[in-house]
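Notes follow once the structure below has been shown.
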Amino acid sequence: MCSGRISELLIFKAFTSGADGVLVAGCHPGDCHYMKGNLSARRRVVGIKPFLEAIGVEPERLRLEWIGASEGPKFAETVKSFTQTIKELGPSPLNRRRNGH
Ligand code: FES
């Protein structure tokens, strides 16, 4: 319902469950229906990036974007761009290790 629900643990769990990338999309600052959920999401995303780097996961694999519910074209463009970034990076180092590469 709100990007404020995102925790560092959920992000980490996505990566350890096989995700090559994680896109967190929240309402624009000032537009969160739960007041400041998106600002909490931003703080958590920024906060976990050094940890991801420390375990070998490139920070580009985690992206935070502000996308309003009425911004379908922006959502589509963001997903397309993020997918391209992840394709260029290849499988997550966590998945490479899991698959024996
Ligand atoms: S309702 Fe909180 S980020 Fe959208």
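The values are calculated or read from the model by the stated rules, or taken from the named source; none is laboratory data. Owing to the predicted nature of the structure, the values given are computational and were not obtained by experimental measurement. Using ideal geometry, Cβ is built from the backbone for each residue, glycine included, and neighbour counts are taken over all protein chains shown. For the accessible areas, the whole protein counts, side chains as well, though only heavy atoms, and no ligand, DNA or RNA atoms are used. Shrake-Rupley method; radii C 1.70, N 1.55, O 1.52, S 1.80 Å.
Screening segment 51-93 for residues that are in contact with a Ser or Thr (Cβ under 9 Å, 6 or more places away or on another chain) and assigned to a helix (DSSP H, G or I) and picking the one that is surrounded by the fewest Cβ atoms within 10 Å (Cβ to Cβ) gives E60.
When only residues in segment 19-45 that are within 12 Å of the chain's Cα centre (by Cα) and over 15 Å from R5 (Cα atoms) count, which is farthest from the ligand (Cβ to nearest atom)?
From segment 19-45, those within 12 Å of the chain's Cα centre (by Cα) are 19-26, 41-42, 44-45; that's our starting set.
Then drop every residue that is not over 15 Å from R5 (Cα atoms), which leaves 19-21.
Details: A19: 21, D20: 24, G21: 20 Å.
Applying the filter and picking the extreme gives D20.
Selection over segment 58-81 of residues that are under 12 Å from the mean Cα position of the chain (by Cα) and not charged (D, E, K, R) gives a count of 6.
Counting only residues that are surrounded by 13 or more Cβ atoms within 10 Å (Cβ to Cβ), assigned to a helix (DSSP H, G or I) and free of Cβ contacts under 8 Å to residues at least 60 places away in the same chain, segment 11-42 holds 9 of them.
Only one of I6, I48 is modelled with pLDDT of 95 or more, open to solvent by less than 50 Å² (accessible area, probe 1.4 Å) and away from the ligand (no atom under 16 Å from the Cβ). Can you tell me which? Walk me through how you get there before you give the answer.
Details: I6 fails: away from the ligand (no atom under 16 Å from the Cβ).
Checking each option against the conditions leaves just I48.
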